[in-house]
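Data first, discussion second: the structure below is written as structure tokens.
The values are calculated or read from the model by the stated rules, or taken from the named source; none is laboratory data. What you see is a predicted model; the values in this text were computed from it and never measured. Positions of Cβ are generated from backbone atoms using ideal geometry, with glycine treated the same way; all protein chains shown enter the neighbour counts. Please note that ligands, DNA and RNA were not included when accessible areas were found on the heavy atoms of the full protein model with its side chains. Shrake-Rupley method; radii C 1.70, N 1.55, O 1.52, S 1.80 Å.
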Amino acid sequence: LYNSRPDAQGSLTSIQDFVKKIPELQDKFDALQHHIRITELVQNGKTGTNSREFRDRWQLERSMMEGKDATEDIMEQYIHRGKPLPQVLRLLCLQSMFLNGF
């Protein structure tokens with residue numbers, strides 16, 4: 001975007017063309033700011049991708065996918081700790097899917 005601006009020696013038409021692009025550049029800038037805010041929300045917070053809880057759940061899902069046996073014990077711990085029902089059901093569905101429906 002910065003490189004698309006005309007230099008100090010630019011012709012009048014190149015400056016006019018650039019001025020016409022300003023609304024488009026502003027829209028792109030606004031969209032970029034929006035995506036940055038979303039990324040910050042996803043990464044931060046209690047359940048963001050930088051949280052311990054997210055990393056533990058991701059590791060459990062990865063272990064399920066790799067067929068490791070310890071996942072059933074961890075699932076029981078999730079239920080015993082009173083984890084939210086949608087989260088437990090999601091993990092049970094994933095486990096079932098990785099075990100071909102069993």
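Numbers below:
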{"item": "The chain, relative contact order [Cα under 8 Å, separation at least 6], %", "result": "14 percent"}
{"item": "With all protein chains modelled, accessible area of residue 57 [1.4 Å, Å²]", "result": "50 Å²"}
{"item": "Cβ-derived FRET efficiency at R0 41 Å, residue 44 paired with residue 100, nearest 0.05", "result": "0.65"}
{"item": "Shape parameters for the stretch 51-102, alpha-carbon atoms, Rg then Dmax in Å", "result": "10.4, 31"}
{"item": "Efficiency of FRET between residue 56 and residue 35 - r from beta-carbon atoms, R0 25 angstrom, step 0.05", "result": "0.40"}
{"item": "Gain upon complete extension [residue 85, residue 21; 0.36 nm per residue less C-alpha separation]", "result": "18.0 nm"}
{"item": "Mean projection area, nm², convex hull over Cα of the chain", "result": "10.8 nm²"}
